Amino acid sequence: MTPSPLLRPLRQGDTLAVIAPAGPASADQVVHVAPWLAEQGYRAELLPSCHSRRHHLAGSDAVRLDDLHTAFADPRFAAVLCLRGGYGSPRLLDAINVDLIAAHPKPFVGYSDLTALHTLFNQQAGLVTFHGPMLTTDLLRYDEPHTKHSLWAQLRGEIGAGSTLHHPADYPLITLHGGVAQGRLVGGNLSMLCSMLGTPWALQADGAILFLEDVNEESYRVDRLLNHLRLAGVLEQLSGVLLGDFAQTDPGKLAALDMVWQDYLLPLSIPVLGGWRAGHCTPNLTLPFGALVTLDADRQTLRLDQTLFTAETPDETRAHHHPA
């Protein structure tokens with residue numbers, strides 16, 4: 001595996017780019033973004049897509065694409081945070097300047113529809129990205145401690161190689177199939193991953209640990225989506241599976257969903273760990289996509305196996321704490 005470029009950890013006072021690559025947010029939500037980030041110790045610049053609307057999109061494709069490129073290319077921005085999901089990111093895939101993204105590595109955070117961008121950034125730009133909470137969807141709406149701690153701890157570089165990613169004990173994990181496996185952590189929203197099959201941006205999952213989550217999907221639709229991955233040859237390539245939240249599933253239909261996991265995942269004879277709180281749920285824990293990890297389904301742990309961030313030099317640390 002080609003080493004990913006190291007990212008610079010966030011420092012208090014950094015300016016963060018906020019973009020809306022998919023759907024729009026209401027003005028009464030957007031107005032709270034900068035004050036909330038200021039409370040966390042960061043400056044925020046909301047790019048034009050955050051204030052735009054074109055039916056179900058946060059402005060035209062050109063506006064959203066320009067914001068994405070600007071967020072990465074502008075050296076003022078230490079990280080790129082997404083306003084919300086919805087739909088729209090896949091419309092940008094064939095127009096994204098991959099060389100520009102690769103030349104300006106910085107943390108990128110989002111989930112759901114942003115799965116399309118994670119996959120492109122991981123596979124074509126060689127970046128590690130962060131499947132994590134979005135501003136209006138999660139951070140402003142819930143302000144949940146586990147969600148915030150997981151996000152900032154990772155973006156500040158506090159979780160290094162050999163660290164186990166924290167999962168709250170209040171939310172029990174479920175071992176569907178035991179074992180230990182190492183691989184790149186990839187995936188995201190199941191529906192979005194299936195929609196990209198057959199395109200140049202389809203998930204490359206050879207030897208990977210596949211994370212899956214989704215929302216508002218009946219068990220028969222999850223069955224159809226997993227069967228699509230099976231027929232496309234994705235499942236047979238995997239080293240392990242980490243299941244996130246499948247939100248808003250009718251409690252009376254959970255047994256049917258369990259049957260689907262068993263039918264498709266147990267025959268793979270690889271580690272499968274379920275119940276990880278990431279996706280359309282609270283808390284929504286951050287995951288480093290594209291990073292080398294070890295999944296231990298017996299101990300129910302996920303360990304980061306590579307360094308993601310540069311170490312601050314003493315001069316940088318002094319400059320950070322004592323700005324001129």
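Among the residues of the stretch 125-142, those that are in contact (Cβ under 8 Å) with a residue 60 or more places away in the chain and not aliphatic (A, V, I, L, M) comprise G126, T129, F130, H131, G132, P133, T136, D138, Y142.
Restricting attention to the stretch 134-156, the residues being farther than 16 Å from G41 by Cα and outside any helix (DSSP H, G or I) number 2.
Only residues that are without any contact (Cβ under 8 Å) to a residue 40 or more places away in the chain, among the small types (G, A, S) and under 17 Å from V109 (Cα atoms) were counted across the stretch 59-86, and they come to 1. Across the stretch 268-313, the qualifying residues are those that are under 12 Å from L173 (Cβ atoms) and among the β-branched types (V, I, T), and the one among them that is most open to solvent (accessible area, probe 1.4 Å) is T301. Regarding the stretch 198-220, can at least one residue be identified that is over 26 Å from A95 (Cβ atoms), open to solvent by 30 Å² or more (accessible area, probe 1.4 Å) and part of a helix (DSSP H, G or I)? Yes, the stretch 198-220 contains at least one residue that is over 26 Å from A95 (Cβ atoms), open to solvent by 30 Å² or more (accessible area, probe 1.4 Å) and part of a helix (DSSP H, G or I). Where strands (runs of 3 or more DSSP E) fall entirely within the stretch 1-119, those with at least 2 residues that are at pLDDT 95 or above and open to solvent by 50 Å² or more (accessible area, probe 1.4 Å) are at 43-46. Residues that are open to solvent by 10 Å² or more (accessible area, probe 1.4 Å) and either charged (D, E, K, R) or not in a helix (DSSP H, G or I) (or both) within the stretch 120-131 comprise Q124, A125, G126, listed in sequence order.
The values are calculated or read from the model by the stated rules, or taken from the named source; none is laboratory data. What you see is a predicted model, and the numbers here were worked out from it, not measured in a lab. Here Cβ is always computed from backbone atoms with ideal geometry, including for glycine, and neighbour counts include all displayed protein chains. Surface accessibility is based on the protein's heavy atoms, side chains included, excluding ligands, DNA and RNA. Shrake-Rupley method; radii C 1.70, N 1.55, O 1.52, S 1.80 Å.
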